[in-house]
Amino acid sequence: MIAIIDYDAGNLKSVEKALIKVGAEPVVTRDADLILQADKVILPGVGAFGEAMEKLNSFGLVDTIYKVVEKGTPLLGICLGLQLLFEYSEEKEGCKGLSILKGGVKRIPDAPGLKVPHMGWNSLTVKENAKLFQNLPADPYVYFVHSYYLQAEDPEVVAATAEYGVTVHASVEKDNVFACQFHPEKSGEIGLTILKNFVEL
C-alpha cells in the first residue's frame, strides 16, 4: 500500500490515478497510523510553502513524516513536496521547512525571455544509477510548474538537473528519501516509469 499524504495540497487525484495506472494501491490519507503502515509514502503538493507547512503542522503530520524517514520507508516528495523536505524557502521568509535534507528554495531569477512561473516541458540531465530514472531514455522530458527552485547543499543528493535560467536541482535521492520538482503524474510515459521505479524500490 502506498500512502499519499493528504494535507489539502492540490494534486492528490492525479497522483492517485497515475499510481493506479502503474499497478500500485494508493490510499489518500492523513491518518498517521495508516501512513506509518504503508510500504511507500508520497508527499505531493502544489501551492505556497508557508501555507503548506502550516497545514502539515495543523494536521499533526510533521512528526509522522519524520517517523516515516526514521523507519526507512521510501518517501517521495513531488513539486512543493520536494521543497518542503528542505530547510527554507525564499517564498516565505522565516518559515522553516522539514529540514530532512540540507539546502533551500530560491525564486527563479527574472531574465529576458524567461517566463516565471516556469510552466512546461524540460529535459533532464540525469546522474548515472539514479534509482528513479532507471529504464528511461537519455535526457528525459518532464513537466514542470514552479516559480521557486531547489539549491541542495550537498551535490551528492542531486539525481537530476534542468536548465531554466539557472540550474534547477530537479530531483534528489538520499537513502530512503526521493523527490522531484517536476510532476511525474503529468509527464506521460516517462513520468509513469519514474513512479513505477519508486513503487518497485
* Considering the range 189-200 alone, what residues qualify as being in contact (Cβ under 8 Å) with a residue 24 or more places away in the chain and not basic (Lys, Arg)? -> Ile190, Gly191, Leu192, Thr193, Ile194, Leu195, Asn197, Phe198, Val199
* **Selection from the range 150-181 of residues that are touching a helix residue (DSSP H, G or I) at 6+ places or on another chain (Cβ under 8 Å) and either open to solvent by less than 10 Å² (accessible area, probe 1.4 Å) or under 21 Å from Gly10 (Cα atoms) (or both)** => Leu150, Ala159, Ala160, Ser171, Val172, Val177, Phe178, Ala179, Cys180, Gln181
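Each row is one residue, and each column tells you yes or no for (1) part of a helix (DSSP H, G or I); (2) at pLDDT below 95; (3) open to solvent by less than 40 Å² (accessible area, probe 1.4 Å).
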| position | (1), (2), (3) |
| --- | --- |
| Leu82 | yes, no, yes |
| Lys92 | no, yes, no |
| Ser99 | no, no, no |
| Gly104 | no, no, yes |
| Asp110 | no, yes, no |
| Gly113 | no, yes, no |
| Asn122 | no, no, yes |
* **Inter-residue pairs, beta-carbon under 8 Å, first modelled with pLDDT under 95 and in the range 165-184, second open to solvent by 10 Å² or more (accessible area, probe 1.4 Å), 6+ apart** => Gly165/Pro109; Gly165/Ala111; Gly165/Leu114
* Is it true that some residue in the range 33-41 is in contact with a Cys (Cβ under 7 Å, 6 or more places away or on another chain), closer than 25 Å to Glu189 by Cα and open to solvent by 30 Å² or more (accessible area, probe 1.4 Å)? -> no
* **Subset of the range 31-81 [of a type in the set (D, E, K, R) and either over 22 Å from Val199 (Cβ atoms) or free of Cβ contacts under 8 Å to residues at least 60 places away in the same chain (or both)]** => Asp31, Asp33, Asp39, Glu51, Glu54, Lys55, Asp63, Lys67, Glu70, Lys71
* Asked: Can you name the residue in the range 46-62 that is outside any loop (DSSP other than H, G, I, E, B) and touching a Phe, Trp or Tyr at 6+ places or on another chain (Cβ under 8 Å) and is also most open to solvent (accessible area, probe 1.4 Å) among such residues?
  -> Lys55
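Counting just the residues of the range 17-50 that are among the β-branched types (Val, Ile, Thr) and within 15 Å of the chain's Cα centre (by Cα), which one comes out nearest to Met1 (Cα to Cα)?
Among them, the one singled out is Val41.
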* Structure fact -> Inside the range 134-146, the number of residues satisfying the requirement of being outside any loop (DSSP other than H, G, I, E, B), touching a residue at least 60 places away in the same chain (Cβ under 8 Å) and surrounded by fewer than 18 Cβ atoms within 10 Å (Cβ to Cβ) is 1
* Structure fact -> Given (1) surrounded by fewer than 22 Cβ atoms within 10 Å (Cβ to Cβ); (2) under 17 Å from the mean Cα position of the chain (by Cα), Lys71 misses just (2)
* Hits in the range 1-45 (condition: in contact with a Phe, Trp or Tyr (Cβ under 7 Å, 6 or more places away or on another chain) and in a strand (DSSP E or B)) -> Lys40
* Across the range 147-201, what is the number of residues that are part of a helix (DSSP H, G or I) and not aliphatic (A, V, I, L, M)? -> 12
* Are any residues in the range 6-30 exposed (fewer than 14 other Cβ atoms within 10 Å of the Cβ) and without any contact (Cβ under 8 Å) to a residue 40 or more places away in the chain, and if so, which ones? -> Lys13, Ile20, Glu25
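The values are calculated or read from the model by the stated rules, or taken from the named source; none is laboratory data. Owing to the predicted nature of the structure, the values given are computational and were not obtained by experimental measurement. Note that we place each Cβ from the backbone using ideal geometry, even for glycine, and neighbour counts take in every protein chain shown. Accessible surface areas use protein heavy atoms only, side chains included; no ligands, DNA or RNA. Shrake-Rupley method; radii C 1.70, N 1.55, O 1.52, S 1.80 Å.
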